[in-house]
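The values are calculated or read from the model by the stated rules, or taken from the named source; none is laboratory data. The shown structure was predicted, so the numbers you read here are calculated from the model rather than taken from an experiment. Methodologically, a virtual Cβ is constructed for each residue, glycine included, from the backbone with ideal geometry; neighbour enumeration extends over all protein chains shown. Remember, those area values only see protein heavy atoms, side chains included, never the ligands or the DNA or RNA. Shrake-Rupley method; radii C 1.70, N 1.55, O 1.52, S 1.80 Å.
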Amino acid sequence: FEVVSHPAGNRDSTLLIYLNTLPEGERGGATAFPHLNLRVLPVRGMALLWRNLEESGRANHALDHEGERLNQSTKQVVTAWGRQHPVRL
């Protein structure tokens, strides 16, 4: 997690929506949260929402995550990030 200089601040929250379910027998493709010992397999229409920052504004490393490598399939997702501060467009 890298702190960046952005008018809206850092990414405060992440919303991840799965657009497809992986075929039976696919071994990879989970969204893994290693510090929580948690793996979430993609299911079409399912969404995950988590906070990237603690209340203090520091990175919440307990929610560091990674997408597991796929063997043969394709994982389709939509990701949206919430930022710390509103920005007028």
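For the range 67-78, state whether one or more residues are open to solvent by 70 Å² or more (accessible area, probe 1.4 Å), under 28 Å from Pro7 (Cα atoms), at pLDDT below 95 and of a type in the set (S, T, N, Q). No; the residues of the range 67-78 include none that is open to solvent by 70 Å² or more (accessible area, probe 1.4 Å), under 28 Å from Pro7 (Cα atoms), at pLDDT below 95 and of a type in the set (S, T, N, Q).
Return the residues of the range 6-42 that are of a type in the set (S, T, N, Q), assigned to a loop (DSSP other than H, G, I, E, B) and touching a residue at least 40 places away in the same chain (Cβ under 8 Å); say none if nothing qualifies. It would help to see each step written out before you state the result.
Keep residues of the range 6-42 that are of a type in the set (S, T, N, Q), which gives 10, 13-14, 20-21, 31, 37.
Now narrow it down to the ones that are assigned to a loop (DSSP other than H, G, I, E, B): 10, 20-21, 37.
Answer for the range 6-42, where residues must be of a type in the set (S, T, N, Q), assigned to a loop (DSSP other than H, G, I, E, B) and touching a residue at least 40 places away in the same chain (Cβ under 8 Å): Asn10, Asn20.
Annotation note: of Arg44, Arg39, Arg58, the sole residue that is at pLDDT below 95, out of contact with any Asp or Glu (no Cβ under 6 Å at 6 or more places or on another chain) and charged (D, E, K, R) is Arg58. Residues of the range 56-66 that are in contact with a helix residue (DSSP H, G or I) (Cβ under 8 Å, 6 or more places away or on another chain) and exposed (fewer than 14 other Cβ atoms within 10 Å of the Cβ): His61, Ala62, Glu66. Summed over the range 43-81, residues that are under 9 Å from Ile17 (Cα atoms), in a loop (DSSP other than H, G, I, E, B) and in contact (Cβ under 8 Å) with a residue 40 or more places away in the chain total 1. Selection of the range 1-55 for residues being of a type in the set (Phe, Trp, Tyr) and either loosely packed, with under 12 Cβ neighbours inside 10 Å or more than 14 Å from Leu70 (Cβ to Cβ) (or both) yields Phe1, Phe33, Trp50.
Picking from residues in the range 79-89 that are open to solvent by 70 Å² or more (accessible area, probe 1.4 Å) and within 15 Å of the chain's Cα centre (by Cα), the one that is nearest to Asn10 (Cα to Cα) is Arg83.
I'm checking my understanding of the structure. Among residues of the range 1-33 that are under 22 Å from Ser56 (Cβ atoms) and among the aromatic types (Phe, Trp, Tyr), which one is modelled with the highest pLDDT? This residue is Phe33.
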